[in-house]
Amino acid sequence: MDTKSKNSHKLGVIIVVFFLFICSLLMMNQYGLIRQQLESETDQSSRQQEALLSMGDELIEGSYILYNEYSQETELSDFLNEYGQRDFDLTRKFMEYGVFDSEGKSLLDETTELESTRLQRAQQYYAFWAEYDFSDEGELSAVQVSGKSLTAQEEYDLESSYLNDAENAIYGGYVTEITEPAGVKVVYGMTSDSLASYTETVYPQETGLYTLYTLSSFRDMFEILILVVIAAALLLPCIKRLDISEMKVFRVPFEIPVLVLFFLMAADVFWMTGSVVYSTVEGSRLSSGPGMLMNVLMWMCVFGIFFWAFTSLRAIIRMKGAYWRERTLTRRLFRWIRYGEGGGKKIREGTAGMFRKGKKFFADQYDALLHLDFQDRTNRMILKIVAVNFIILAIVCLFWFYGMLALIVYSILLFLFLRRFTKDLQDKYGLLLQSTNELAEGHLDVPIEGDMGLFNPIREELKKIQKGFKKAVEEEVKNERMKTELVTNVSHDLRTPLTAIITYTDLLKNETDEEKRKEYIEVLEKKSLRLKVLIEDLFEISKAASKSVKMNYMKVDIVDLLKQVGLENDSRIREADLEFRWKLPEHKIVMWLDSQKTYRIFENLIVNITKYAMPHTRVYIEMTDGEKGVHISMKNVSAAELDFNVDEITDRFVRGDSSRNTEGSGLGLAIAKSFVELQHGMLKISTEADLFKADITLPKMEMPEEPQETE
């Protein structure tokens with residue numbers, strides 16, 4: 001059975017392919033006729049005849065307009081206001097015209113004597129000439145057409161056409177708003193050149209695809225063959241040996257062939273195939289052997305799509321109800337949504353939720369309408385807006401009953417919408433006002449939450465303000481704490497050497513032993529120098545903080561400067577029993593810096609290392625040359641536990657040893673940070689376990705030709 005079915009399918013496929021091939025050949029057999037019709041459509045005489053045939057409405061209209069220009073019995077401005085610009089305004093630009101009485105006298109001032117003579121001798125001068133004869137009662141009694149370019153048959157056809165156009169215009173009321181011509185003849189004339197220009201204006205020569213689409217030889221044959229293909233698709237399965245409708249390619253869901261056919265119609269199958277046909281009949285490369293093969297394949301493909309689509313849809317007749325259950329994607333989708341798990345369940349629940357919300361919304365609006373308080377100021381304002389809106393729209397649709405009904409419904413919906421919108425706006429504004437009150441009362445930790453709708457951007461700005469206030473308050477609290485610590489630390493650091501100086505001064509007064517006096521004097525000198533250093537550091541950091549430090553920029557080799565600082569502090573390094581590992585560039589790095597301030601930066605950091613680093617450990621100092629700046633890293637192992645705040649260690653009078661056992665002012669890192677920032681750089685302190693790390697970044701500033709001194 002399977003072998004017979006396959007053989008039957010093969011035979012059916014061969015017959016269908018042969019049938020589609022024959023349809024394609026029949027379509028291509030029309031190409032010769034299509035070429036002939038294209039040539040005739042572009043012929044000058046054919047287009048001229050079409051232009052003259054379409055002129056009848058303009059000429060009868062012009063007869064009324066020209067007569068009223070002469071008689072002035074009707075204000076043409078009223079006529080133009082009623083009907084607008086007339087087609088005759090264009091036609092009259094290509095012709096000579098005149099209005100004559102029964103004795104042949106010209107009645108129009110704009111008609112010259114020469115034109116008047118010509119218009120009454122049509123056969124001698126004009127390629128086209130037409131005369132409209134009106135009786136004394138205002139009826140059109142005759143229309144005559146002649147001309148050098150017209151045959152007798154063409155003259156007869158034009159007269160018949162113009163009479164018919166005149167009757168339609170007169171009895172249709174298109175020109176009766178102005179005075180009817182009476183006892184006159186209205187004559188028109190076109191020279192050969194004017195007729196040619198008019199023809200090109202009204203019927204320009206079109207050799208494009210649009211002309212092809214209007215040809216019966218193309219559209220009619222194509223539509224007939226499509227019907228033949230559809231009939232074959234529906235009838236061929238009736239012959240069992242040729243039935244191929246059960247092949248897999250035809251067992252597709254209902255929606256697929258419908259969508260394919262819709263796409264073909266929407267994309268205009270005439271346009272898609274017409275471009276190929278036009279290129280072929282016009283003698284392009286498509287008219288060669290490969291081009292003709294392409295035409296055959298194109299038509300077989302187009303007819304094949306229609307055959308496939310209708311063969312697939314034919315199963316509706318055979319399967320009946322089972323077809324809609326088994327071969328429709330829509331039913332599968334609905335079943336999946338209704339009974340499926342996972343995604344289907346989510347869609348089902350979402351749809352039900354939307355329905356419930358919609359039902360609740362309309363119920364709420366209905367309830368609000370029942371309990372509407374017209375004493376409320378907001379409601380009164382909304383009612384005024386709706387009333388004005390109603391009046392405006394009522395004027396627009398005053399003469400349409402159904403429009404008024406729609407307007408009533410629209411006004412009710414508009415009121416409900418505006419009322420709900422205003423109430424929602426008030427609620428959101430209440431939330432906004434509550435948040436601003438919290439800020440005004442100083443509650444900076446209260447979160448600003450909730451959907452504020454239209455005011456959401458303001459909510460975000462309030463959050464920024466809240467964050468800024470919190471930061472400012474924290475900074476102020478920190479500054480107050482630092483001021484307190486500053487007073488305490490300054491008092492302690494200044495009092496210690498001062499107390500020693502007073503004590504040893506008293507001892508020196510009463511001491512007679514010369515050796516002890518020398519010892520006391522040495523102590524006094526040491527404490528005095530210590531006090532001097534503290535005071536100088538205090539002034540230095542004060543000036544740096546107030547940005548009043550003078551910066552003396554010059555060209556500085558920063559590699560050599562760092563080496564110099566290391567050499568000059570070599571004794572301190574040996575006393576601290578530290579092993580310095582230097583990793584510096586081999587080449588010079590010349591930068592635009594303040595040499596003295598940069599030296600002080602390096603000195604303070606190295607001195608800080610000698611004070612607080614664990615003895616018998618290594619210190620790593622590394623310099624990296626970058627494109628935009630230089631990075632210097634100093635790392636050491638701390639002797640004490642690093643339990644301080646790294647963000648505050650560079651503040652004034654803050655030390656890593658909270659017990660203040662080591663000698664120092666507590667201003668070293670603060671001074672270093674200030675001098676780095678004055679040179680547009682950055683100093684960052686970081687710790688990890690007992691590892692202390694200082695990172696300095698100095699930018700490479702543009703160096704002028706001459707050194708400058710800036711503040």
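The values are calculated or read from the model by the stated rules, or taken from the named source; none is laboratory data. None of the values given here were measured: they were computed from a predicted structure. Here Cβ is always computed from backbone atoms with ideal geometry, including for glycine, and neighbour counts include all displayed protein chains. Side chains are part of the model used for accessible areas, which takes the heavy atoms of the whole protein and leaves out ligands, DNA and RNA. Shrake-Rupley method; radii C 1.70, N 1.55, O 1.52, S 1.80 Å.
Among the residues making up the stretch 215-242, a single one is surrounded by fewer than 18 Cβ atoms within 10 Å (Cβ to Cβ) and in contact with a Ser or Thr (Cβ under 7 Å, 6 or more places away or on another chain): Arg241.
Take the conditions (1) modelled with pLDDT under 75; (2) more than 27 Å from Lys583 (Cβ to Cβ); Glu702 misses just one of them, which is (1).
Give the residue that is nearest to Lys693 (Cα to Cα), with candidates limited to residues of the stretch 614-633 that are part of a strand (DSSP E or B) and open to solvent by 50 Å² or more (accessible area, probe 1.4 Å). First the steps, then the outcome.
First, pick out the residues of the stretch 614-633 that are part of a strand (DSSP E or B): 618-625, 629-633.
Subset that is open to solvent by 50 Å² or more (accessible area, probe 1.4 Å): 618, 620, 622, 624-625, 631.
Numbers: Arg618: 13, Tyr620: 9, Glu622: 11, Thr624: 15, Asp625: 19, His631: 13 Å.
Per the stated criteria, the residue is Tyr620.
Please verify whether Tyr429 is open to solvent by 100 Å² or more (accessible area, probe 1.4 Å) and at pLDDT 75 or above, treating the condition exactly as stated. In short, yes. Filtered by the rule that a residue be of a type in the set (Lys, Arg) and modelled with pLDDT of 75 or more, the stretch 513-548 gives Lys516, Arg517, Lys518.
The requirement of being modelled with pLDDT of 90 or more and within 23 Å of Arg574 (Cβ to Cβ) is satisfied by Met623. Here Phe262, Phe250, Phe254 are screened, and the one residue that is surrounded by fewer than 14 Cβ atoms within 10 Å (Cβ to Cβ), under 21 Å from Ala315 (Cα atoms) and within 46 Å of the chain's Cα centre (by Cα) is Phe262. Within the stretch 634-644, at least one residue is at pLDDT 90 or above and open to solvent by 60 Å² or more (accessible area, probe 1.4 Å). A Cβ distance below 7 Å, combined with a sequence gap of six or more or placement on separate chains, defines the contacts here; from the stretch 298-314, residues that are among the polar types (S, T, N, Q) reach residues that are in a helix (DSSP H, G or I) and surrounded by 19 or more Cβ atoms within 10 Å (Cβ to Cβ) in the pairs Thr311/Ala233; Thr311/Phe250; Ser312/Phe250; Ser312/Pro257. Counting only helices (runs of 4 or more DSSP H) that sit completely within the stretch 1-99, those holding 3 or more residues that are at pLDDT 85 or above correspond to 2-28, 56-71. Taken as a whole, the condition of being β-branched (Val, Ile, Thr), closer than 17 Å to Tyr67 by Cα, at pLDDT below 85 and open to solvent by 40 Å² or more (accessible area, probe 1.4 Å) does not apply to Thr201. Just checking, which of Ser141, Ser149 is closer than 19 Å to Gly183 by Cβ, polar (S, T, N, Q) and open to solvent by 20 Å² or more (accessible area, probe 1.4 Å)? Every option except Ser141 fails the conditions.
When only residues in the stretch 265-290 that are in a helix (DSSP H, G or I) and over 43 Å from the mean Cα position of the chain (by Cα) count, which is modelled with the highest pLDDT? Outline the logic, then answer.
At the first step, the residues of the stretch 265-290 found to be in a helix (DSSP H, G or I) are 265-267, 269-281, 285-287, 289-290.
From what is left, the residues that are over 43 Å from the mean Cα position of the chain (by Cα) are 281, 287, 289-290.
Working: Val281: 74, Ser287: 56, Gly289: 70, Pro290: 77.
Per the stated criteria, the residue is Pro290.
Can you find a residue that is within 60 Å of the chain's Cα centre (by Cα), among the aromatic types (Phe, Trp, Tyr), closer than 30 Å to Glu73 by Cα and modelled with pLDDT under 85 anywhere in the stretch 166-180? Looking through the stretch 166-180, at least one residue is within 60 Å of the chain's Cα centre (by Cα), among the aromatic types (Phe, Trp, Tyr), closer than 30 Å to Glu73 by Cα and modelled with pLDDT under 85. Quick check on the stretch 110-124. Is at least one of its residues modelled with pLDDT under 85, basic (Lys, Arg) and not in a helix (DSSP H, G or I)? Within the stretch 110-124 (the criterion being modelled with pLDDT under 85, basic (Lys, Arg) and not in a helix (DSSP H, G or I)), the answer is yes, since at least one residue qualifies. Of all residue pairs spaced 6 or more apart or on separate chains, none has beta-carbon atoms under 6 Å together with a first member in the stretch 448-472 that is over 14 Å from Leu433 (Cα atoms) and at pLDDT 70 or above and a second member that is open to solvent by 40 Å² or more (accessible area, probe 1.4 Å) and acidic (Asp, Glu).
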